[in-house]
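First up is the structure itself, then whatever we jot down about it.
What follows draws every value from the coordinates through simple rules; no lab data is involved. Remember, predicted model here, so these are calculated numbers, not experimental data. All Cβ positions, glycine included, derive from the backbone under ideal geometry; neighbour counts span all protein chains shown.
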Amino acid sequence: MIITKIYVRPLENPNKRLYGVASIILDEILAINNIKIIRTKKRFCIEFPKEKNFRETIAPLNTETRNYIETEILNQFFIKQKRIEDNDENK
């Protein structure tokens, strides 16, 4: 399984926890939307879509897969965030 597309939308005015939202496409056949990019006290991480009872509706079944998805999304998030900051400085 590989991530074939990543869409990241940093929030213009992040709150204490939520900094952006991402969607990914796996193997050009499966989309996962509404993945939250959050900041905890220690680091940035992702949170998969959840039901009202706080159970993840989509969840990687092992740490390796979760880390792969998280790393790819956060890399794109930081790249996009840097571009936005650079554009703001050039205005």
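To the nearest 20 debye, what is the magnitude of the charge dipole of the chain about its Cα centre, counting +1 on the Cβ of each Lys and Arg and -1 on the Cβ of each Asp and Glu?
500 debye
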**OP:** Show that you can apply the helix-only estimate: for the chain, add -39,500 (n - 2.57) for every DSSP H stretch of four or more residues, divide by all residues, and state [θ] at 222 nm to the nearest 500.
**Re:** -10500 deg cm²/dmol
**OP:** Rank ILE25, ILE58, ILE2 by how far each Cα sits towards the positive end of the charge dipole of the chain (+1 on Lys, Arg Cβ; -1 on Asp, Glu Cβ) and give me just the farthest.
**Re:** ILE58
Original post:
Straight-line reach from LYS5: which lysines have Cα under 24 Å away, leaving out those fewer than 8 places along the same chain?
Top reply: LYS36, LYS50, LYS80, LYS82
Original post:
Got a sec to turn the phi values of segment 42-59 into Karplus ³J(HN,Hα) couplings, 6.51 cos²θ - 1.76 cosθ + 1.60 with θ = phi - 60°, whole Hz, x for Gly and Pro?
Top reply: 9, 6, 7, 7, 10, 9, 6, x, 10, 7, 4, 8, 6, 8, 5, 7, 10, 8
Original post:
Tilt of helix 63-89 relative to the longest C-alpha principal axis of the chain, in degrees (0 to 90, nearest 10)?
Top reply: 20 degrees
